[in-house]
Each structure stands twice: as C-alpha cells, then as structure tokens.
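Asker: Dropping a structure here in structure tokens format, bear with me for questions.
The values are calculated or read from the model by the stated rules, or taken from the named source; none is laboratory data. Not measured: the values here are computed from a predicted model. Surface accessibility is based on the protein's heavy atoms, side chains included, excluding ligands, DNA and RNA. Shrake-Rupley method; radii C 1.70, N 1.55, O 1.52, S 1.80 Å.
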Amino acid sequence: LDHMYLEHGGWNLIFYTGKKQLTLDAEEWSNVHSSNCRIVKGRPDLSYLVPNIIFGNEYENETFSLWEQSEEQNICVKGLHDDIMKTWGMMYCGGSKEVISALRGISIDYNIDLHIDSFAW
C-alpha cells in the first residue's frame with residue numbers, strides 16, 4: 001500500500017476480509033497516510049454504508065456519520081433526483097454471494113448501476 005496511488009478527490013475504503021494477519025496497523029496507517037483513506041478489518045453493513053457515502057458527498061452536514069446507520073440520511077438519499085443518482089455507481093470485484101446479493105438489493109433500492117467482476121478466470 002505504501003507504493004499504491006490512492007485518489008485524493010474521493011474516498012478510498014478498503015475492507016480487509018482476508019485470513020492472513022495484516023502486517024500493518026490498519027487504523028494507524030489510515031490516520032497517517034490520508035484522511036480520505038481507511039483500511040477497515042472486516043466486512044461492513046452495505047445496506048447503510050452505501051447510502052451514507054452518497055449522503056456524505058451530496059449534502060453538507062456537520063453531523064454526518066459514515067459508519068452509523070441513520071434513517072435521516074437514508075431518507076435524504078432516497079429523495080435525490082434521478083439525474084443525481086445516475087451519476088453514482090458501484091463496482092464489486094469478488095465472489096462473495098452475500099456481498100453480491102446485498103449490492104444487487106442496494107442497486108435496485110437506490111437505482112444505482114452495479115458492475116460485478118470476479119477473479120474466477
């Protein structure tokens with residue numbers, strides 16, 4: 001990761017679900033390297049994380065929380081005009097049926113394009 005370019009104009013969220021122990025302290029690395037990059041151990045609850053990401057980008061709100069479920073944030077995102085929602089998309093590269101199912105549901109609920117790829121070559 002020390003040699004990888006991470007976009008500074010957006011958020012870079014890395015959810016590590018591997019079996020091998022990380023050789024770096026994820027929280028320490030995230031705090032030192034960038035305020036827009038986070039390494040999180042484990043899989044997030046995508047049902048509220050995805051709308052929270054959209055909320056955080058579309059609204060200016062000092063009480064915004066990326067990591068906590070918020071019905072207010074969810075309602076705001078569902079109320080966004082279709083022209084705004086068309087600018088959003090999700091990409092998943094992996095084979096977890098659980099993640100794919102969750103992302104497909106979010107894609108339908110919020111009218112967001114979803115592209116899926118895998119390493120099953």
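Asker: Would you check which residues across region 82-115 are in a strand (DSSP E or B), of a type outside the set (Gly, Ala, Ser) and open to solvent by less than 70 Å² (accessible area, probe 1.4 Å) and list them? Give the derivation first.
Answerer: Our first condition is that a residue be in a strand (DSSP E or B); within region 82-115, this holds for 89-93, 113-115.
The next check asks that each one be of a type outside the set (Gly, Ala, Ser); those that pass are 90-93, 113-115.
Within region 82-115, Met90, Tyr92, Cys93, Leu114 qualify.
Asker: Please tell me if Asn74 is part of a loop (DSSP other than H, G, I, E, B) and either open to solvent by less than 60 Å² (accessible area, probe 1.4 Å) or aliphatic (A, V, I, L, M) (or both).
Answerer: Details: part of a loop (DSSP other than H, G, I, E, B): no; either open to solvent by less than 60 Å² (accessible area, probe 1.4 Å) or aliphatic (A, V, I, L, M) (or both): yes.
No, not satisfied.
Asker: Restricting the search to region 1-51, which residues are outside any strand (DSSP E or B), under 18 Å from Tyr92 (Cα atoms), at pLDDT 65 or above and open to solvent by 80 Å² or more (accessible area, probe 1.4 Å)?
Answerer: Step one: list which residues in region 1-51 are outside any strand (DSSP E or B), which gives 1-11, 17-36, 42-51.
Add one more test, that the residue is under 18 Å from Tyr92 (Cα atoms), and what stays is 6-7, 10-11, 17-18, 42-51.
Checking the rest, the ones that are also at pLDDT 65 or above come to 10-11, 17-18, 42-51.
Residues satisfying the conditions are Trp11, Arg43.
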